[in-house]
1. B:Thr287: surrounded by 21 or more Cβ atoms within 10 Å (Cβ to Cβ), of a type in the set (Ser, Thr, Tyr) and within 23 Å of the chain's Cα centre (by Cα), yes or no?
2. Just a yes or no: is a residue in segment A:126-143 surrounded by fewer than 15 Cβ atoms within 10 Å (Cβ to Cβ), closer than 16 Å to A:Gln30 by Cβ and of a type in the set (S, T, N, Q)?
3. Can you tell me which residues in segment A:93-115 are crowded, with 20+ Cβ neighbours inside 10 Å and either within 14 Å of chain B (Cβ to nearest Cβ) or within 27 Å of B:Glu108 (Cα to Cα) (or both)?
4. When B:Cys209 is evaluated against the numbered criteria (1) crowded, with 23+ Cβ neighbours inside 10 Å; (2) in contact (Cβ under 8 Å) with a residue 40 or more places away in the chain, which criterion, by number, is the only one it fails?
5. If we only count strands (runs of 3 or more DSSP E) wholly inside segment B:267-334, which ones have 3 or more residues that are among the charged types (D, E, K, R)?
6. Here are some residues: B:Thr65, B:Thr39. Which one is exposed (fewer than 15 other Cβ atoms within 10 Å of the Cβ), more than 12 Å from chain A (Cβ to nearest Cβ) and not in a strand (DSSP E or B)?
7. Say we look at segment A:22-66 and pick out the residues that are part of a loop (DSSP other than H, G, I, E, B) and surrounded by 17 or more Cβ atoms within 10 Å (Cβ to Cβ); which of these is farthest from the other protein chains (Cβ to nearest Cβ)?
8. Got at least one residue in segment A:72-84 being touching a Ser or Thr at 6+ places or on another chain (Cβ under 9 Å), surrounded by fewer than 21 Cβ atoms within 10 Å (Cβ to Cβ), within 17 Å of A:Ala58 (Cβ to Cβ) and more than 9 Å from chain B (Cβ to nearest Cβ)?
Amino acid sequence: MLKLIGAGMTLAACGSIGVTWARVYEKRPQQLVAIEGALQLLETEILYGATPLPEAMAQVAAKCDPEMAGLFRNTALELRKMAGITAGEAWEAAVRDFFPGTALNKQDLQILKRFGAPLGASDKEDQAKHIELTKSQLKLAAQQAESQCRKHALVYKYLGFLGGLLLVLILY
Amino acid sequence: MAGGAGNNEKCGKKGESLVCMVSRDILPILPNRIRELLTELPGEIFNQIEEIRLRQGQPLLLGLTKNDTMVTALGQPTSVPEFGYTVTEQDVMRTVQLVSSSSVYAFEEEIKNGFITIRGGHRVGISGKTIVEKGRVKTIKYITGLNVRVAREVIGAADRVMPFMIDPVFKEVQHTLIISPPRCGKTTLLRDIIRQLSTGIPKLDFKGCSVGVVDERSEIAGCFKGLPQKDVGIRTDVLDGCPKAEGMMMLIRAMGPQVVATDEIGRAEDAAALEEALNAGIKVLTTAHGANREEISQRPVFKYIIEQSVFERLVILGRSRGVGTIEDILDFRTGKSLMR
């Protein structure tokens, strides 16, 4: 009886590890799409509102997917301090804080970092082009992440479960 | 050590010292590197800063009350260019970003005009490579030169002028033209006249009247987001960044001013707008570049105005006894001095 309970627990544990791994794959495309959406908001603020960046960032934080809000809120906070740093630097610091809590990979991090440098440093047209570029990069990354998710998520789920089963068989 | 203002200075109050103003308004828009250099400066130099000039590849230069000085990489004044701290491309770029709170795109109009007004009413002039489209400046692309000008406010600068500007019997404001060579405190005087007319002058038993200001170059009221940063009185309406002629019409139609004030008239349409104001029974207060009555009467716009004998008072500024010396006040029609 005890053995049976142990076997069940092993199976559940391994299964949930597999699910957790799979979730990273599932989350990444969602998060990429959420960031893309937030950038769309930012573009609107800049292009049509000509809203100064600290305010624009705070607006985006209030409106976008709550999971992404921290990134924009932190950038706004850094900028409001007037500590002599540029928007690019404020953004990069915010990205550094934000990244570890996400399902994003190195390649996504590069896209986000590259987005910072010219931020706020040129006229509307230029800013819009720049945001468009980043959005299309994010879209592409999201598509890739989606297809990876389809391939890997299920594999990891099965792997966890089957691994658990194997462990049970060996130990039983 | 000058940057530590706030410890023993009364900051944030009316009549606060220049040190306070520069520390609070100007330092935050400069890159950290240059902030540090300026805070290292001896107090008597820091106190006199009127301009901070950042020119890419050139030494950091400060315009002081009487002369100018360069600043070494250790934050000491020097007159040897080689010893001066060389302003880098990074410094200029950073300053532009800080001045615009990292939102250059929100200041396209201002950049087109060549300057941005910051909190406190100070102005940052911009130079570099202009991009022209259809014969008009579209933007300044490679910004390489900046001039941060500390806007001073001298409350009481117009004290000596006011008795001549108000009719002692009828308490009526006189049409007044202020003339002066550049950098003699024309705008400072105009601002204080506006403030006194608007708030009222108990000494002269003048109650105060509504004043409309067309501030085309944001120099008079130093508006930041439309809000005057300088004291221009309690009955003053400001149209910031508005062309003079158009602005005068707008004010006359909408705000019902008793006095209209503008800075530096000189174009033909300005004269037409002045005439409109006069016909509406509104008193006019304005300034022009020039050293004396003869010099300005050569200029076509003024020729007409003088022939019409529009103005009643002519205030002549100079710097014979320092910036803002009131050289003379004339009765415009007779040309006689009222001061002697």
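1. So B:Thr287 passes the test.
2. yes
3. A:Ala94, A:Leu112, A:Phe115, listed by residue number.
4. Of everything listed in (1) crowded, with 23+ Cβ neighbours inside 10 Å; (2) in contact (Cβ under 8 Å) with a residue 40 or more places away in the chain, B:Cys209 misses just condition (1).
5. B:325-331
6. Values: B:Thr39 fails: exposed (fewer than 15 other Cβ atoms within 10 Å of the Cβ).
Exactly one of B:Thr65, B:Thr39 is exposed (fewer than 15 other Cβ atoms within 10 Å of the Cβ), more than 12 Å from chain A (Cβ to nearest Cβ) and not in a strand (DSSP E or B), namely B:Thr65.
7. Residues of segment A:22-66 that are part of a loop (DSSP other than H, G, I, E, B), as a first pass: A:50-52, A:64-65.
Narrowing the set further to residues that are surrounded by 17 or more Cβ atoms within 10 Å (Cβ to Cβ) leaves A:51-52, A:64.
Numbers: A:Thr51: 7, A:Pro52: 4, A:Cys64: 19 Å.
Step by step, filter segment A:22-66, then rank; the result is A:Cys64.
8. Here is the first cut: in segment A:72-84, the ones touching a Ser or Thr at 6+ places or on another chain (Cβ under 9 Å) are A:79-80, A:82.
Subset that is surrounded by fewer than 21 Cβ atoms within 10 Å (Cβ to Cβ): A:80, A:82.
Filter again for within 17 Å of A:Ala58 (Cβ to Cβ), leaving A:80, A:82.
Adding the requirement that they be more than 9 Å from chain B (Cβ to nearest Cβ) leaves none.
No, segment A:72-84 has no match at all.
The values are calculated or read from the model by the stated rules, or taken from the named source; none is laboratory data. Source: prediction; values computed, not measured. As a convention, Cβ positions derive from the backbone with ideal geometry for all residues, glycine included, and neighbour counts pool all protein chains shown.
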